[in-house]
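What follows is one structure encoded as structure tokens, with my remarks underneath.
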Amino acid sequence: MQLAFNQLGAHLQKGLRPLYTLHGDEPLQQQEAADAIRAAARAQGHTERSVHTVAGAHFDWSAVLAAGGSLSLFADKQMVEIRIPSGKPGKDGSAAIQQLAAQAAQDDNTLTIVTLPRLDKQTKSGAWFAALEAHGVTVQIDTIERGTLPPWIAQRLAQQGQRVVSGEEGQRTLQFFADRVEGNLLAAHQEIQKLGLLYPQGELSLAQVEQAVLNVARYDVFKLSEAVLSGQLARVVRMLDGLQAEGAAEVLVHWTLAEDIRALKRVRDAMANGQPLPMALRAQRIWGVKERLFERILPRLSDAAAARLLHSAHVVDGIIKGLPAPGWPQDGWQALRRLAMDLVQTAQGQRSAAR
């Protein structure tokens, strides 16, 4: 049985299952999901708890398999938690998990919680994960994307009796808040709690939020790619500043931008040779969010613009490796900003339309 994170609360109100698997890359929500399951389990008499963290290929799975039958004299029900930080239990672990899942379905005295990081499609198609899905409940915990962060903040504020003012100012307040905490949901939760301590229940003004909320955003070079291709100029500037401040490698930022440029050029060339856009995107393994962004950009991307972007990426590659280029900044980060701005303008349809 598969559930989304926001469905878990309603599910637990209807009763517990003996096996839960939490997988995703959002620590705050994974922690909250586990806490909700533990609370429901304690309410039903699961008073004893053991935790097993799978570390390395030589982990002793026999201890985990034996845990279900090892109730103490002082407890009639227990919780067994299995944490697999790598998401890869190994050959022995795969067999043990399949056995564990089958046992869990027959044991009402033991509640088992398995926590995993975000899993790729291949891993989720493995026999051990299929056993967890077949015999229990799996909860996929997705990242809160930038576009859904403002309503998430508003919902969390409402839970503690606070809200932003209505209208345009309220929307600006939520956008400001989201800019300050993007990519760091745990810190966002802490900043929301801080507002609950600083101010009474009721409306929060933009000035109050600006004064209280720290800049705890963390940026990801792969999210930078989406921001650039979406033409979000202000966000791209913030992300580049943040990545530089965090000490991100210039070569990694360049690779992210250059890889998108090369992909745009390859798909554009395929289209010029008569290949339909959907087929060209599949051939270049472009899908998901990036597929939609490419579909918006490519029809108005000229051959000249694609060639110019590719040449610029080559120039910036040299700059960050210490090779100056006429007409370009000598500083690697400044050159990366110029390349990113060029790609943003292309995504917005400005420079490509003019050439």
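Under a Cβ-only charge scheme (Lys and Arg +1, Asp and Glu -1), can you give me the dipole magnitude of region 88-142 about the Cα centre, in debye to the nearest 20? Don't skip to the end; give the middle numbers.
Numbers: 5 positive and 6 negative charges, 59 e Å.
The calculated dipole for region 88-142 is roughly 280 debye.
Pairs Lys124/Lys290; Lys265/Lys321; Lys14/Lys77; Lys88/Lys321; Lys121/Lys265; Lys14/Lys88: which are spaced more than 30 Å apart, C-alpha to C-alpha?
Numbers: Lys124/Lys290 22 Å; Lys265/Lys321 24 Å; Lys14/Lys77 19 Å; Lys88/Lys321 36 Å; Lys121/Lys265 28 Å; Lys14/Lys88 32 Å.
Flagged as over cut-off: Lys88/Lys321; Lys14/Lys88.
Out of residues 5 or more away from Arg83 or on other chains, whose amide H comes under 5 Å of its own, with H placed 1.01 Å from N in the peptide plane?
Sorted by chain and number, the residues that satisfy this are His52, Thr53, Val54, Thr115.
Label-point separation (nm) for Asp76 and Ala307, each offset 7 Å from Cα along Cα-to-Cβ?
Each label point lies 7 Å from its Cα, and together they span 8.1 nm.
Tell me which residues come under 5 Å, amide H to amide H, from Leu204 once H is placed; ignore anything under 5 positions away on its chain.
For Leu204, the qualifying residues are Arg163, Val164, Val165.
With a ≥ b ≥ c the root eigenvalues of the C-alpha gyration tensor of region 196-341, is it rounded (a/c under 1.5), prolate (a/b larger than b/c) or oblate? Walk me through the intermediate numbers first.
Details: a/c = 2.95, a/b = 1.54, b/c = 1.91.
Oblate.
Given the options Pro151, Leu343, Ser205, identify the residue whose Cα lies farthest towards the positive end of the charge dipole of the chain (+1 on Cβ of Lys, Arg; -1 on Cβ of Asp, Glu).
Result: Leu343.
So what is the diffusion coefficient of the chain in µm² per second by Stokes-Einstein at 4 °C and 1.567 mPa s, using a Kirkwood Rh over Cα pairs?
Roughly 55 µm²/s, to the nearest whole number.
Relative to the present Cα-Cα distance, how much length would full extension add between Ala158 and Leu198 at 0.36 nm per residue of separation?
Details: separation 40, 0.36 × 40 = 14.40 nm, distance 1.53 nm.
So the extension gain works out to 12.9 nm.
Solvent-accessible area per residue for the chain at a 1.4 Å probe radius, Å²?
For the chain, the solvent-accessible area averages 50 Å² per residue.
Under a straight-distance cross-link criterion of Cα-Cα below 19 Å, which aspartates and glutamates are reachable from Lys91, leaving out those fewer than 8 residues away in the same chain?
Partners found: Asp60, Asp120, Glu133.
Multiply the residue separation of His58 and Gln275 by 0.36 nm, subtract the distance between their alpha-carbon atoms, and state the gained length in nm to one decimal.
73.1 nm
When the Kirkwood radius is taken over all Cα pairs of region 151-276, what Stokes-Einstein diffusion coefficient follows at 4 °C and 1.567 mPa s, in µm²/s?
Working: Rh = 16.7 Å.
Result for D is 78 µm²/s.
Quick one: angle between helix 168-181 and the longest Cα principal axis of the chain, in degrees between 0 and 90, rounded to 10, please.
80
Mind jotting down the distance between the C-alpha centroids of region 162-225 and region 72-138, whole Å?
37
In debye to the nearest 20, how big a dipole does the chain give about its Cα centre with +1 on each Lys and Arg Cβ and -1 on each Asp and Glu Cβ? Don't skip to the end; give the middle numbers.
Working: 38 positive and 36 negative charges, 188 e Å.
Dipole magnitude for the chain comes out near 900 debye.
Given a 1.4 Å probe and every protein chain left where it sits, what share in percent of the accessible area of the chain is carbon and sulfur? Intermediate results must be reported in sequence, preceding the final value.
On the way: 9260 of 17910 Å².
Ligands and nucleic acids excluded, carbon and sulfur give 52 percent.
The values are calculated or read from the model by the stated rules, or taken from the named source; none is laboratory data. In this text the structure is predicted, and so the values were computed from the model without any measurement. So basically every Cβ, Gly included, is an ideal-geometry build from the backbone, and we count neighbours across all protein chains shown. When the accessible area is computed, the model is the full protein with side chains, heavy atoms only, and any ligands, DNA or RNA have been set aside. Shrake-Rupley method; radii C 1.70, N 1.55, O 1.52, S 1.80 Å.
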